[in-house]
Amino acid sequence: MLRCFSVEWRALRFEAQDLPTKGPSFRAEHRLIDIVDLVTFITNSYAQLGSASFKENLHSILKVQCNQLADFSTKNPTHVVPSTVSVASAILKMTELRIYRLALTDPSKRITHLVTQSNVTEFVLLNIDHLHPEPDATLRQLSLTPTTPVVACRETEFTMEVLLEMRNKRVTALPIVDGRGVMTGMMTVRHLKTLTPKTMSNLFLPITQFLSAIGATYVAGSLDMPLRDLLRVMVVNMYHHLFFLDDNGRVEGVITLSDLIRWCLAPTL
């Protein structure tokens, strides 16, 4: 975890030789699996088999060994670095490779910890006064704008269809909207962590029923929120995405952890 750091960031500038991209720190046996890999496998199976066959074979599908799924998703391949690498070097490598985690190894090349974008965002929040000249200015004042357009799904769609749309659009979260385009919920791949063998059938519920069954809630962003508050919302709620709404409740943009890390750290990396 990065929560204990309090540093002057400019002292941590990256030197390319600090972090090799080849060699023993990237040994082939280091392979990780996460929820994105699992969801990619499940949605690929659904797309290939079709709804009826997928339902019929779901229990067999879930018995596939996890070593077949490591790095299954191209969004989050395994990259391994020594645990002695500097914070700045690790963050820059994640930014350059557009990856969401790094595995840290001890001198025996055993994986001991993971550093994720969520860890980095918490680090930024705890050190924001050192990292940004105007942490209490609003996003509007800082000219920090959400990404558009945003992929959305109707609340009448079924959960597996929503997951399939997420796979096809290569996103890990999207807003759920009603017939008027007003946001009524948020679906992320991380919601599948709530499933158990007894509740796997929830995948075939309408998306609104699925979200209700797991007690999912969401928070929307505002351009008038200070940067510090935006970081706090992401860290406290463990969000990877925050959707922004217009005055009518329609989605007009999204901010991700990648955006926040770039905004706060780009000048120093």
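Things to note:
- For the pair the range 208-236 / the range 108-146, the C-alpha centres are spaced 17 Å from each other.
- Percent RCO, i.e. relative contact order, over the range 83-196, from Cα pairs under 8 Å lying at least 6 residues apart: 13
- Three-way shape call for the range 88-133 based on the alpha-carbon gyration tensor, with the a/c threshold at 1.5: prolate
- Hz values of 3J(HN,Hα) by residue in the range 207-223 - Karplus curve (6.51, -1.76, 1.60), Gly and Pro given as x: 4, 5, 5, 4, 5, 5, 5, 9, x, 6, 10, 8, 10, 9, x, 9, 5
- Inter-label distance for Cys66 and Asn248, nm, one decimal - labels placed 7 Å from Cα along Cα-to-Cβ: 4.6
- Amide hydrogen proximity for His79: with H placed 1.01 Å from N in the peptide plane, the residues at 5 or more positions away or on another chain lying under 5 Å are Ala103.
- Local electrostatic count at Pro135 - Lys and Arg +1, Asp and Glu -1, tallied over other residues with Cβ under 11 Å: -2
- Heavy-atom accessible area with a 1.4 Å probe sorts Asp229, Asp37, Asp224, largest first, into Asp224, Asp229, Asp37.
The values are calculated or read from the model by the stated rules, or taken from the named source; none is laboratory data. Everything numeric here is computed off the predicted structure, so don't read it as measured data. With ideal geometry, Cβ positions are generated from the backbone for all residues, glycine too; neighbour counts draw on all protein chains shown. These area figures cover heavy atoms from the full protein model, side chains too; ligands, DNA and RNA do not enter into them. Shrake-Rupley method; radii C 1.70, N 1.55, O 1.52, S 1.80 Å.
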